[in-house]
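To start, the structure under review is shown below, and the notes come after it.
Nothing in this text is a laboratory measurement; each read-out follows from the coordinates by a stated rule. Just so it is clear, the structure is predicted and the values come from calculations on it, not from any experiment. Using ideal geometry, Cβ is built from the backbone for each residue, glycine included, and neighbour counts are taken over all protein chains shown.
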Amino acid sequence: MTDGVFSPDGNPVIDLGAGDNTLNFSSQNMSLTALNIQHIDGTAPGDWLTLNNDVSGVSVDLGGGDSHLALANGANAVSVMGVANIIGSDFTGGLNPSDDTLTLLNDVSGVSVNLADGNNTLNLAAGANSLDSLVGINTVNGSASDDVLTVSQPSFTTTFDMGAGNDTVNFAGQAFGATVVNAETVNGSAGSDFITIGNTTGTTTVTGGLGADTLVASAAADNFRFTSAAESQTGNGDTVVNFNAASDTFTFAGMTGGPSGFSGPVHFVGTAAFDGSLGAPHSEARVDVAGGTANLQIDVNGDGLMDSHDIEIHLTNYVGTLQSSNFILT
C-alpha cells in the first residue's frame, strides 16, 4: 500500500485470509485492525503504526528511525525490528486504565516502552535485551533461560522478575525504587540508586556503582560488591538495609595492593578503634554500634585513618554478628 487505508471511523479492517501474509505500507502513518496478518512492514524511517486490535505472533518492521508502534489495550505478543518506541493506548490520566500485557517475541535493543495507565506487564524474550526507557510498566518478566537485561534510562518502581536461569540486570540509568527478583547479578548505575533485592533463594551479587546508593537485602544470601572506594566513599557512603551477617557478605574486587589498596585480608574489630598505621598497615573494618543501625567503616589501606581512600557503609536494620569472614577480597 502506497498511501494508506482510510475508513469513516478511522479504523479500517484489513483481513488477508489464510496463509503466511505480509502487509507492506509506505505511508508514514497507518492505523488499522489487522486480521490474519503475520508480518507488517513499513518502509519510511519514523513510521507510526497503530494496531486497533490485540495481536499475537505478528512481526513488525518499521524501518528504523524514531518509529512508533501503538498497541490496543489488552494482551499483545509481537516481534519487532526497526521499532524505537512501543506504546499503549490508555493515556487517560488514570480515568479509564487498562491492565495490559506485552510479550516481546524477539530480543530487542534500544527500544522504549510506555504502556500508559493500568497495572502493566512486559514479558521479554530469552537472551540479551536492552531497553531505553520504561514508563507505565509495573512488572518486567524474564525467561527460564540465562537472560541479560540492560535498562538505559532511569526506571521507577518497576519489579524485574528474571525467572529461572543465571540472570543479570544492568541499570545504566538510575534505579528509583526498582525491585529485582530471581537475578544472580545486579549492577547499579553511576548515580544514586535505590534497589531492593527480592530473592527468597540463591545468591545475588549486587554492585551499586558510583553514587550514594540504597540497597535493600533479600531474605536469601546477598553479596554486596565494590570495585573502588569511590563507590561508597567516606562522607558519601551507600546504605545497605536488612544486612544479615549470617548469610550476606561484602566483596571488594580488584582493590588489593598499592598505596590506596587493601594491605591484606580485612580484619573485623567490632566497635574497637583501628590499630593500623602507615608504618604497620592493617586493613580493618569496624562498626560504631553493634547491631541495629550502624556505620560500617572500612580502613582500606590500613593506615588507621578514615579518608577518601576508605569505605563507609550505613547499615540499617542489620542483624547477626559481623565477622572477618563477611569481608572478601577478590
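Taking the square roots of five times each eigenvalue of the Cα gyration tensor of the range 1-127, the equivalent ellipsoid has semi-axes of 21, 17, 15 Å, listed largest first. Normalised by the number of residues in the chain, the mean separation of alpha-carbon contacts (under 8 Å, six or more apart) gives a relative contact order of 8 percent.
Among D90, D161, the ranking by other beta carbons within 10 Å of each residue's beta carbon, starting with the fewest, stands as D161, D90.
Using a/c under 1.5 as the rounded threshold, could you call the range 1-69 rounded, prolate or oblate? The axes a ≥ b ≥ c are square roots of the C-alpha gyration tensor eigenvalues, and prolate needs a/b larger than b/c, oblate otherwise. Oblate, because a/c is 1.5 or more while a/b does not exceed b/c.
Once a ≥ b ≥ c are taken as the square roots of the eigenvalues of the Cα gyration tensor of the range 47-101, is the result rounded (a/c under 1.5), prolate (a/b larger than b/c) or oblate (a/b not larger than b/c)? Here the range 47-101 falls in the oblate category.
Using bins of 20 Å that start at zero, the share of Cα-Cα pairs per bin across the chain amounts to 29, 42, 22, 7, 0, in whole %. Annotation for A280 and A190: the two label points, set 7 Å from Cα along the Cα-Cβ direction, are 4.3 nm apart. For S192, S109, the sequence from fewest to most other C-beta atoms within 10 Å is S109, S192. From a point 7 Å beyond the Cα of T157 in the direction of its Cβ, which residues of the range 164-182 have a backbone N at a distance under 17 Å? Taking a point 7 Å out along Cα→Cβ of T157, the residues of the range 164-182 whose backbone N falls under 17 Å are 175-180.
In the range 166-190, whose amide N lies under 18 Å from the spot 7 Å out along Cα-to-Cβ of A144? List them in ranges. Counting backbone N atoms under 18 Å from the label point, the list is 166-167, 182-183. Protection proxy ranking of 324-330, 244-250, by the mean of other Cβ atoms within 10 Å over each peptide's residues and highest first, is 244-250, 324-330.
Among E184, E231, the order by Cβ neighbours within 10 angstrom, fewest to most, reads E184, E231.
Starting from the Cα of A128, step 7 Å toward the Cβ, then list every residue of the range 163-187 with an amide N under 14 Å from that point. Output list for this probe position: 168-170.
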